[in-house]
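Nothing in this text is a laboratory measurement; each read-out follows from the coordinates by a stated rule. What you see is a predicted model, and the numbers here were worked out from it, not measured in a lab. All Cβ positions, even for glycine, are placed from backbone atoms using ideal geometry, and neighbour counts span all protein chains on display.
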Amino acid sequence: MANELLYYIPAGQYGKEGVLALLEQHPEIKFVSLVGIDLAGNDTDEKIPMSAFFDDYESFFEGRAVQTDGSSVVLTDIATLNNARVDMWGDPSVNWFVDYNYENIDEATGLPTGTLRIPAFLMHNYKYVDSRAILKRSCGFVRDQLLSLVKEHGLKSMPHINVDDIADIVFTSATELEFWVKTPSKSVTKKELSVSQKLQEQYWQRTHGAVRTALEQAVERLDQYGMHAEMGHKEVGGVKAKLDDDGNVDSVLEQLEIDWKFSTNPLQTADNELQARIIVREVFRENGLDVTFKAKPIIGVAGSGEHTHFGVMAKLKSGKVTNLFSPEDMKKESASSLGIGAIMGLLKHYEAINPFISSTTDSLNRLKPGFEAPVCIVTSLGTNPSEPSRNRTILCGLIRDIDNPMATRYELRSPNPYTNTYTALALMFIAAFDGMKYAITTGKSQAELEAELSKAPGEDAEYLEKDRVYRSEKDVFEDYTQEERNQMFGIPPATVWENILGYKNHADKVATLAQGDGFTQELMDSFIASILKRWKLELANRLIPANLEIVKAMVALHGDNANSIDATRFAEVNDLRLYLAKDKEGQKSLFTRIAEALATADYDTASKLQMEMNDKMEELEAKYANYSKNIF
């Protein structure tokens, strides 16, 4: 059946007549859907009969075929109830994917029913307001500005590149998808997971049973969709699966990763990542397994990241491509002057970028010391250019292969599977460009730029901030105390509100990120308003109620055979339970105080109380575990 299906229509290979002729050969593709991406990264999905696509093909690319309203997409303070219409414009410049429903078999062909998903832009009041348009415009701005600067100032510190030979700028990008997979309705204790992680029992181990089948099928299907999968493998989290009475693998709870090749079109990169999530979820579901892309599905155990790679290259008039981040001699320098400038730009502006990367409580729960997740705004270039290193404790590291200059790029380690890849890439390229602009216009040598990047705290710098440290080749978790980290790299945000303050308190950085017609400040403000709204709703209506259920479940277990230790331990547990959840005369519970702070828009207080709640809940669970283990 696989050979009979059409999985995608490559960009630029077919005109209108070619597309329609191809679809005529595949009557199992019965629907069309315009896929717009709102500011939260949500994708739209409709079921438009294929006949409508044949009858008025052009309307799908002129904003006339499909409209939606502000209640259907996240465009906070833009698409309001009294001005809600949003038009959808199909994008012919990228691949179109076919989404098959394997549970709905077309009677005429015997094949699963397909929906042609056409990526689209969203227009409101004659302005594009969606994530895809933000990324497209941002890359267009960087391309034009970089070409202009290079032509005007040259590349004094990169004499191996003749600027007159540069015809275009090419952006490379790629993501790595981590996720957890489990057997529905089965549970594994957090202690089992934690012990397995510490013993390193899962990383790069063999997969078995349904997990192995689903992983192999997912990798194969990515290839069918033109994504050219590179590998699928186990990640650090999980436990060994068990066999049921029939000899089948049961009680699955494992963390996996799938990677595919990079793209030279950032829009295609983000579209691919969205489609890959759909593929993974559906393939594992077909094999009876649940998938979660949450950043931290289980507190205290490894979370799931989506490391995002980015690079900038120049296309020459000869057709050849050269990597602008690579130095002339890979053994003498770690990166070119433009490569150093790019990471300087990203790190300088990261406090304003961070809310767009880690926009939920779930995402910030992952960014804690001890789980190979980045906490500090710092990079690593390697201790010696002739020996590239991989420091996994930093925010964004230089990835390089001495024998392959085309592979030089940066890897941002903070994104997670639910990060909006479109807006994240837009801001990464804009920030990197600002640092590249500094490198070009000052004409500083690679050594001078690397010296500024490697500055000590308190050392004056022309571009970077005086009191910050931006580069470390050490283990930032083990070699520095928390106080030292905070002093050198800045205090990392612990809540969504603290992250939002990184945006609100750095107007100069926001202004830099909003330059050009890419990610305008109006759209950024809309994004920030949407994540503030979500934080309030989740904290009040999900996190507090979930914690309340945990508190209520921690009841006394000791009976007639109890001793004084049992009574003392439960008394400590109960005191915490009451402090967290029980109102009494003259004293409100922590849960109530959080709810009241949110209701009065006292977000500073709500944020501090949320951090206290997290600490108290962790303490409560530890005390209850210590109490209950002595009961038998």
Worksheet item: ILE278 versus ALA511, label points 7 Å from Cα toward the beta carbon: distance in nm?
Response: 4.2 nm
Discussion item. Apply the Karplus curve 6.51 cos²θ - 1.76 cosθ + 1.60, θ = phi - 60°, to the phi angles in region 578-592 and return the couplings in whole Hz, x for Gly and Pro.
Written reply: 5, 4, 6, 10, 10, 6, 9, 4, x, 8, 8, 5, 4, 4, 5
Worksheet entry | In Hz, Karplus ³J(HN,Hα) per residue of region 516-524 (6.51, -1.76, 1.60; θ = phi - 60°; x = Gly, Pro) | x, 9, x, 9, 5, 5, 4, 6, 4
Worksheet entry | Segment LYS504-LYS156, length gained on full extension (0.36 nm per residue, minus Cα span) | 121.6 nm
Practice prompt. Go ahead and run the numbers for FRET between GLU448 and THR264, Cβ-Cβ distance against an R0 of 22 Å, rounding to 0.05.
Written response: 0.10
Worksheet item: If you take the beta carbon distance between ILE105 and ILE550 as r and set R0 to 35 Å, what does 1/(1 + (r/R0)^6) give as a FRET efficiency, to the nearest 0.05?
Response: 0.20
Practice prompt. Quick one: which residues, 5+ away or cross-chain, put their amide H under 5 Å from the amide H of ILE399? H built at 1.01 Å from N.
Written response: ARG409, TYR410, GLU411
Practice prompt. Of the listed pairs LYS182/LYS296; LYS182/LYS533; LYS348/LYS504, which have alpha-carbon separations greater than 22 Å here?
Written response: LYS182/LYS533
Worksheet, complete the sentence: Amide H proximity to ALA40 below 5 Å, modelled H, separation 5+ or other chain, gives VAL74
Fill in: Added length on full extension, which subtracts the Cα-Cα distance from 0.36 nm per residue, GLN205 to GLU17
62.8 nm
Discussion item. Can you give me the distance in nm between label points at ILE491 and GLN25, each placed 7 Å from the Cα along the Cα-to-Cβ direction?
Written reply: 6.3 nm
Worksheet entry | region 33-135 - charge dipole about Cα centre, Lys and Arg +1 at Cβ, Asp and Glu -1, debye rounded to 20 | 300 debye
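In region 1-129, what percentage of the DSSP-assigned beta bridges are antiparallel, given to the nearest 5?
So the antiparallel bridges in region 1-129 amount to around 75 percent.
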Worksheet item: Is the shape of region 9-84 rounded, prolate or oblate, going by the alpha carbon gyration tensor and its root eigenvalues a ≥ b ≥ c, with a/c under 1.5 for rounded and a/b larger than b/c for prolate?
Response: prolate
Discussion item. Amide H of LYS30 versus every other amide H placed in the peptide plane: which residues, excluding those fewer than 5 positions away on the same chain, fall under 5 Å?
Written reply: GLY114
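Place the peptides 166-176, 333-343, 35-45 in order of packing, highest mean first, counting for every residue the other Cβ atoms within 10 Å and averaging per peptide.
Averaged packing, sorted descending, gives the order 333-343, 35-45, 166-176.
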Item to complete: Could you tell me whether region 2-129 comes out rounded, prolate or oblate from its Cα gyration tensor? Rule is a ≥ b ≥ c as square roots of the eigenvalues, rounded for a/c under 1.5, then prolate if a/b exceeds b/c, otherwise oblate.
Response: prolate
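What does the charge count near VAL94 come to, summing +1 for each Lys or Arg and -1 for each Asp or Glu among other residues with Cβ under 12 Å from its Cβ?
Counting the neighbours of VAL94, the net charge comes to +1.
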Worksheet item: By the gyration tensor of its Cα atoms, with a ≥ b ≥ c the square roots of the eigenvalues, what is the shape of the chain: rounded for a/c under 1.5, prolate for a/b over b/c, or oblate?
Response: oblate
Fill in: Vicinal HN-Hα couplings computed from phi for region 119-128 (Karplus, 6.51 cos²θ - 1.76 cosθ + 1.60; Hz; Gly/Pro x)
x, 9, 9, 10, 10, 9, 6, 6, 10, 6
Practice prompt. Along Cα→Cβ, 7 Å out, is where each label goes; now give me the distance between the ones at ASP56 and GLU462 in nm to one decimal.
Written response: 5.8 nm
Fill in: Cα-centred dipole magnitude for the chain, charges only on beta-carbon of K, R (+1) and D, E (-1), debye, nearest 20
980 debye
Fill in: From the C-alpha gyration tensor of region 534-628, square roots of 5λ in Å
29, 13, 10
Worksheet entry | Estimated FRET transfer efficiency when R0 is 51 angstrom, pair ALA622-ASN384 (beta carbons, to 0.05) | 0.75
Fill in: Expected 222 nm ellipticity per residue - DSSP helices of 4 or more, -39500 (n - 2.57), all of the chain, to 500
-12500 deg cm²/dmol
Worksheet entry | Peptides 60-70, 407-417, 474-484 ordered by average Cβ neighbours within 10 Å, highest first | 407-417, 60-70, 474-484
